[in-house]
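Since the structure comes first, as structure tokens, the remarks are kept for the end.
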Amino acid sequence: MSIGNTRRATTLLTFVANDVTASTKTGSVVDLEDYEGDVALGLDAEAGGSGVTYAVKVTECDTNNGTFTDVAGAVFTTTGANAALVEQLVFNSDKTQRFVQCVVTVAGGTGTGAVSVLGLAAPKYG
């Protein structure tokens, strides 16, 4: 499959909009009802400053405003202190609840850095 076919066969989703992050934040709730199969997420985290680390995970819920729980195995590598990280993670939308979101936990030290998580998902009816 060429990259052109991939682009036409997937939808770009924002899980965590690019933002300077100094404290723990929860990204946008993403409704997976219209998607199927694997969802590929890309994390782009800038070095956060002296001692700062970012731990990013995917959580799920059957409603868009309920209690979200961790998706098993859907956790990015925690960044090293004052280290940037670009990483990909894949989870299967057929094995999660309808609504998902990413949670960025900031720990240690002082400082800020930009963090974003984007996803590619295949539409069910596309």
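The values are calculated or read from the model by the stated rules, or taken from the named source; none is laboratory data. Please read these numbers as outputs of a predicted model, since none were measured by experiment. For the accessible areas, the whole protein counts, side chains as well, though only heavy atoms, and no ligand, DNA or RNA atoms are used. Shrake-Rupley method; radii C 1.70, N 1.55, O 1.52, S 1.80 Å.
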Which of these, ALA83, ALA72, ALA47, has the largest mean-square fluctuation under a Gaussian network model of the chain (Cα springs below 10 Å)? ALA72
In sequence order, what are the phi-derived ³J(HN,Hα) couplings for the range 67-84 according to the Karplus relation 6.51 cos²θ - 1.76 cosθ + 1.60 with θ = phi - 60°, rounded to whole Hz, with x for glycine and proline? 8, 8, 10, 5, 7, 4, x, 9, 9, 6, 4, 5, 5, x, 4, 6, 10, 7
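Contact order normalised by length for the chain, with contacts defined as Cα pairs under 8 Å and 6 or more residues apart; what percent is it? All intermediate terms of the calculation are to be shown ahead of the outcome.
Numbers: 328 pairs, mean separation 57.4, N = 126.
Relative contact order, the chain: 46 percent.
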Counting only heavy atoms of the protein chains, get the accessible area per residue of the chain (1.4 Å probe) and round it to a whole Å² value. 53 Å²
Restricting to DSSP H runs of at least four residues, report the calculated mean residue ellipticity at 222 nm for the chain, -39500 (n - 2.57) per run over all residues, nearest 500 deg cm²/dmol. -1500 deg cm²/dmol
Which value, in nm² and rounded to one decimal, describes the direction-averaged projected area of the C-alpha convex hull of the range 65-119? 4.9 nm²
Would you list, by chain and number, the lysines whose Cα falls below 26 Å from the Cα of LYS25, excluding same-chain residues fewer than 8 positions away? LYS57, LYS95
In order through the range 49-57: 3J(HN,Hα) via Karplus (6.51 cos²θ - 1.76 cosθ + 1.60), integer Hz, x for Gly, Pro: x, 3, x, 6, 10, 10, 10, 10, 9
Percent of accessible area on the chain owned by carbon and sulfur, 1.4 Å probe? 50 percent
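Tell me, what is a quarter of the convex hull surface for the C-alpha atoms of the chain, in nm² with one decimal? Walk me through the numbers on the way to the answer.
Numbers: hull surface 30.6 nm².
Its Cα hull, projected and averaged over all orientations, spans 7.6 nm².
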